[in-house]
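Engineer: Can you keep this structure in mind? I'll have questions shortly.
The values are calculated or read from the model by the stated rules, or taken from the named source; none is laboratory data. Quantities reported herein were computed from a predicted structural model and do not represent experimental measurements. Note that we place each Cβ from the backbone using ideal geometry, even for glycine, and neighbour counts take in every protein chain shown.
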Amino acid sequence: MKNNTVNFDYLLISSALHDSNEFERSVSGYIQSLNNYGGLRLKPDRIDTINPLFYFVVTGGTEQKILELYEKRKINVSKEPVFLIAYPENNSLPAALEVLARLIQDGETGRIFFLHGPDDEQGINKMIEAAQFGETQKALQFSRIGMAGNASDWLVASNPHPEIVKNVWGPKIVHFETENIFHQSKKYSDKAVNSVLSSFLNKAEKIIEPTKDELLESASIYLAIKEIVKKENLNAFTLRCFDLVIKYKITGCLALAKLNNDGIIAGCEGDIPSTLAMLWVKLLLDKNSWMANPAEIIVKENSLWLAHCTIAPCMIDEFIIRSHFESGIGVGIQGEMEPQNITLLRIGGERLEKLWLAEGRITRPGFSDFRCRTQVKIKLSDKHDVGDLLKKPLGNHIVLIKGHHAHHLSKWHELTIKAYRTKVQ
């Protein structure tokens with residue numbers, strides 16, 4: 001989780017059979033507590049607030065009123081789970097259960113947050129977590145992912161239709177021609193290109209294969225993508241990079257590494273599911289991530305090797321400048337990542353509704369000449385089976401995050417993407 005503070009709104013819902021002023025006084029302690037944690041009480045005519053919204057079920061007999069408010073809110077705020085607050089008095093919980101049961105029958109998702117009292121810190125913290133989930137969902141709905149070219153030809157399971165991405169996860173896919181990036185890259189002055197290159201090379205241990213011209217071309221690609229991202233107001237970008245390799249003998253590895261290092265989500269090979277996963281991780285956890293190929297799976301050790309030719313320098317301890325592995329040309333990044341806890345994830349499925357998650361630990365870096373340049377060996381924890389990747393994979397690339405975050409990611413996905421079974425917390 002990024003932090004422990006978040007803005008959220010709430011409505012008090014009580015039955016017309018009861019004196020609203022009397023019941024407002026009875027929950028005044030709850031109101032004060034919610035306000036102290038960043039909540040803002042709204043009137044029903046503010047139902048279209050963009051902040052995460054909670055329906056405080058003050059009394060029973062409010063079921064129809066809540067359903068009507070929820071339908072009204074859906075006109076302007078779509079793809080949102082319903083958050084209900086219940087407490088031990090005045091038939092609050094029975095009403096909340098009935099409402100959520102009906103919404104689930106209608107294909108909606110939601111959750112009941114049961115507060116045992118105004119000072120139920122654990123219950124309110126669960127509300128704050130859900131509100132942060134809502135913030136991430138809203139951010140995804142307003143996100144734009146740039147895509148230069150199409151998905152690489154070999155990504156036969158990783159090429160979802162843009163409408164699926166938009167309808168299920170929220171971001172809009174904005175297409176560009178790969179040639180536009182190449183032509184744009186020729187417009188920058190030598191001073192601008194050298195400045196980018198110097199700032200990158202100053203952090204490298206050494207350079208092995210790439211020539212000065214190859215380095216300059218890679219830095220120019222970075223400038224071109226960065227300008228497109230700014231001009232088109234993009235939140236992430238993915239590049240069909242082998243078009244540059246085949247047609248122009250230029251690699252995008254340095255550009256993507258520096259973009260990710262700058263906080264601009266950048267994925268390889270036109271892989272939308274992986275780029276989407278990287279964007280999700282950034283929005284929910286405020287973490288950088290690494291997109292890589294599984295190069296070897298060792299079932300008896302419950303371990304695997306990941307490798308790729310680009311990685312953000314901020315994620316590694318040191319790196320050297322190499323050529324691109326598959327083509328032997330251009331610029332690749334060979335970085336070393338120290339042993340540490342990590343989380344692996346992959347989004348997939350026909351409608352991008354599936355999620356594979358595993359936690360583990362990096363045990364050592366690798367230096368094989370027969371794999372992409374940055375290589376790490378990972379031992380999964382006992383609760384995860386690496387053999388699942390061989391039996392029911394969701395695709396090629398896997399995204400790595402530093403630290404253990406599977407529980408948090410899984411909870412967000414379960415509430416926001418998957419059909420959710422009612423849980424009273």
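Engineer: Name every residue in segment 42-59 that is at pLDDT 95 or above and surrounded by fewer than 19 Cβ atoms within 10 Å (Cβ to Cβ), in order of residue number.
Structural biologist: none
Engineer: To continue, here is another question. So Glu71 ticks every box in (1) in a helix (DSSP H, G or I); (2) within 20 Å of Gln122 (Cβ to Cβ) but one. Which box is left unticked?
Structural biologist: Going through the list (1) in a helix (DSSP H, G or I); (2) within 20 Å of Gln122 (Cβ to Cβ), Glu71 breaks only (2).
Engineer: Go through the residues of segment 2-20 one by one and say whether even a single one is closer than 18 Å to Ala86 by Cα, part of a helix (DSSP H, G or I) and either modelled with pLDDT of 90 or more or not assigned by TED's automatic domain parsing to the domain that holds Lys282 (or both).
Structural biologist: Yes.
Engineer: So, in segment 244-288, of the ones that are among the small types (Gly, Ala, Ser) and part of a helix (DSSP H, G or I), which residue ends up farthest from Val6 (Cα to Cα)?
Structural biologist: So the residue we want is Ala255.
Engineer: Still on this structure, I have one more. Here is a list: Gln137, Gln132. Which entry is within 30 Å of Cys241 (Cα to Cα), of a type outside the set (Val, Ile, Thr) and either touching a strand residue (DSSP E or B) at 6+ places or on another chain (Cβ under 7 Å) or not assigned by TED's automatic domain parsing to the domain that holds Leu279 (or both)?
Structural biologist: Only one candidate passes the filter, namely Gln137.
Engineer: On to the next question. Give segment 114-145 a look and list any residue that's surrounded by fewer than 22 Cβ atoms within 10 Å (Cβ to Cβ) and part of a strand (DSSP E or B), or say none.
Structural biologist: Phe114, Arg144, listed by residue number.
Engineer: Let me ask something additional. Kindly establish whether Ile246 is among the hydrophobic types (A, V, I, L, M, F, W, C), more than 20 Å from Ala157 (Cβ to Cβ) and at pLDDT 95 or above.
Structural biologist: Spelling it out, it is not the case that Ile246 is among the hydrophobic types (A, V, I, L, M, F, W, C), more than 20 Å from Ala157 (Cβ to Cβ) and at pLDDT 95 or above.
Engineer: Report yes if Tyr30 is at pLDDT 95 or above and under 30 Å from Leu284 (Cα atoms), otherwise no.
Structural biologist: The answer is yes for Tyr30.
Engineer: Would it be correct to say that Ile320 is in contact with a strand residue (DSSP E or B) (Cβ under 6 Å, 6 or more places away or on another chain) and either assigned by TED's automatic domain parsing to the domain that holds Leu357 or surrounded by fewer than 24 Cβ atoms within 10 Å (Cβ to Cβ) (or both)?
Structural biologist: Yes, satisfied.
Engineer: Going residue by residue through segment 361-376, is there one that turns out to be more than 30 Å from Ile320 (Cβ to Cβ), buried (at least 20 other Cβ atoms within 10 Å of the Cβ) and hydrophobic (A, V, I, L, M, F, W, C)?
Structural biologist: No, segment 361-376 contains no residue that is more than 30 Å from Ile320 (Cβ to Cβ), buried (at least 20 other Cβ atoms within 10 Å of the Cβ) and hydrophobic (A, V, I, L, M, F, W, C).
Engineer: For segment 343-375, give me each residue that is among the β-branched types (Val, Ile, Thr) and either within 20 Å of Thr275 (Cα to Cα) or in contact with a His (Cβ under 6 Å, 6 or more places away or on another chain) (or both).
Structural biologist: Once the filter is applied, which keeps residues that are among the β-branched types (Val, Ile, Thr) and either within 20 Å of Thr275 (Cα to Cα) or in contact with a His (Cβ under 6 Å, 6 or more places away or on another chain) (or both), segment 343-375 yields Thr343, Ile347, Thr374.
Engineer: Got at least one residue in segment 178-188 being under 21 Å from Leu409 (Cβ atoms) and touching a Leu at 6+ places or on another chain (Cβ under 6 Å)?
Structural biologist: The answer is no, given that none of the residues of segment 178-188 is under 21 Å from Leu409 (Cβ atoms) and touching a Leu at 6+ places or on another chain (Cβ under 6 Å).
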